[in-house]
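One structure is given here, and the rest of the page talks about it.
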Amino acid sequence: MGTMLPDLTLTSGGQFGIYIHVPFCATRCGYCDFNTYIPGELGGATPAGWLDALRTELALAAETLPGRTVDTVFVGGGTPSLLGGRGLADVLDAVRDAFTLGWNAEITTEANPESTSPEFFAQLRTAGYTRVSLGMQSVAPGVLQILDRVHSPGRAPAAAREALAAGLAHVNIDLIYGTPGETDDDLHRSLDAALESGVDHISAYALVVEDGTALARRVRRGEITPVDDDVLARRYELLDGWLARAGLDWYEVSNWSRPGGECRHNLGYWNGGQWWGAGPGAHSFAGDTRWWNLKLPAAYADALAEGRLPVAGSEVLDPGDRHVEEVLLGIRLRDGLPTAVLDGAELARSETAVAEGLLRVSDDRLVLTDAGRLLADGVVRSLLG
């Protein structure tokens, strides 16, 4: 059974986005702990049934938050590209049927390079998508093997070129660094391949070994050894330098873009925007309320078939909770965190971080230095005390 939402009122101003969660994957990557399902785990759920349920949720969402124009749409997963170009066009049509899109709305989908083609990208462009995010992770076969990634090393850059040729305005490639066995040269070759494809955005994340994943079980058995923090720091410095020389600047600790290539949807998350997350396990935030959907696709669809929102739980954030999130997310941005949001004790602690070379002050904002970016989580903990 789901739970009831409290009355919701969107905060005026700011960005409003729609996130769509596609829970389907062909295989499970060894490092992934997302709410995804491979064939045999779906309990009878199908993409067609998921889309019907999604349409119902979006219609109920529009009734719950009437009259709000959507600034960004992000289709994530899972593997949205398994739906094909026509299926993703249907997803966007479902959003349009329920909400009004802004005239310059950013509309993104994630895609696995192996389930894309020139025809796929042409269908996305015709449907109205403006941006695609491709999961490459690495071009080193040994790294892909450790990650259990099932795609050929050269497919992601080729897919990026196809997306750009189809007229998509913005293309991102996702990288993972710090995989056991990865070398500096592996990372350099991956970056070269991504940049040579012409993309205007790179996301790069250090590998995190999440509990409950196949990768965690291999670490526990002693089959592989995680990379230590000093190596991760060096890799981050290397990729940041390489990207800067190629004309991509950081705008969030793990994201780099050419001017104008920033992901507006994700900036909405980081800048305190509001969004409705639709799909199994999706999270939402409006006003002061955060809620999350039932995770299992079949349970999600059953709730909507009964005409009720598939809410699994919710919480109302108090001013203290909101402040922690504002500091946690804002400090990671190149624009920095306004000093005005900090109290006296936090300002005093920020002066210590400035003296230690981890923060600098620019136009009454606290901005991470290069050294501070390597220790961003620690800087947040020190500010909050």
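The values are calculated or read from the model by the stated rules, or taken from the named source; none is laboratory data. Just so it is clear, the model here is predicted, and its values are computed rather than measured. Virtual Cβ from ideal backbone geometry, glycine too; neighbours counted across all protein chains shown.
Residue count for the stretch 352-366 under the criterion of being touching a residue at least 24 places away in the same chain (Cβ under 8 Å), surrounded by 14 or more Cβ atoms within 10 Å (Cβ to Cβ) and charged (D, E, K, R): the result is 1. Looking across the stretch 308-338 at every residue that is loosely packed, with under 13 Cβ neighbours inside 10 Å and touching a Ser or Thr at 6+ places or on another chain (Cβ under 8 Å), the one that is nearest to M4 (Cα to Cα) is identified as G313. Being charged (D, E, K, R), in contact (Cβ under 8 Å) with a residue 60 or more places away in the chain and farther than 30 Å from P23 by Cβ is a property that R381 lacks.
Of everything listed in (1) touching a residue at least 60 places away in the same chain (Cβ under 8 Å); (2) β-branched (V, I, T); (3) in contact with a Gly (Cβ under 7 Å, 6 or more places away or on another chain), the single unmet condition for T56 is (3).
Does R149 fit the bill of being of a type in the set (K, R), touching a residue at least 60 places away in the same chain (Cβ under 8 Å), under 26 Å from I18 (Cβ atoms) and touching a Cys at 6+ places or on another chain (Cβ under 9 Å)? So R149 fails the test. Considering (1) within 28 Å of G17 (Cβ to Cβ); (2) part of a helix (DSSP H, G or I); (3) among the aliphatic types (A, V, I, L, M), the lone condition that V367 does not fulfil carries the number (2). Taking the condition of being in contact (Cβ under 8 Å) with a residue 24 or more places away in the chain and part of a helix (DSSP H, G or I), how many residues in the stretch 327-351 meet it? Going through the stretch 327-351 one residue at a time, the tally reaches 10. Of everything in the stretch 1-33 that's under 19 Å from A301 (Cα atoms) and surrounded by fewer than 18 Cβ atoms within 10 Å (Cβ to Cβ), which residue is modelled with the highest pLDDT? Looking at the filtered set, the residue picked out is L5. Residues of the stretch 274-284 that are surrounded by 18 or more Cβ atoms within 10 Å (Cβ to Cβ) and either in the same structural domain as V327 (by TED's automatic domain parsing) or not in a loop (DSSP other than H, G, I, E, B) (or both): Q274, W275, W276, G277, A278, S284.
A quick yes/no check of all residues on (1) free of Cβ contacts under 8 Å to residues at least 40 places away in the same chain; (2) in a helix (DSSP H, G or I); (3) in contact with a helix residue (DSSP H, G or I) (Cβ under 6 Å, 6 or more places away or on another chain):
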residue	(1), (2), (3)
A216	yes, yes, no
T225	no, no, no
W242	no, yes, yes
G247	yes, no, no
W250	no, no, no
W256	no, no, yes
E262	no, no, no
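The set of residues in the stretch 363-377 that are out of contact with any Ser or Thr (no Cβ under 6 Å at 6 or more places or on another chain) and modelled with pLDDT of 95 or more comprises R365, V367, L368, T369, D370, A371, G372, R373, L374, L375, A376.
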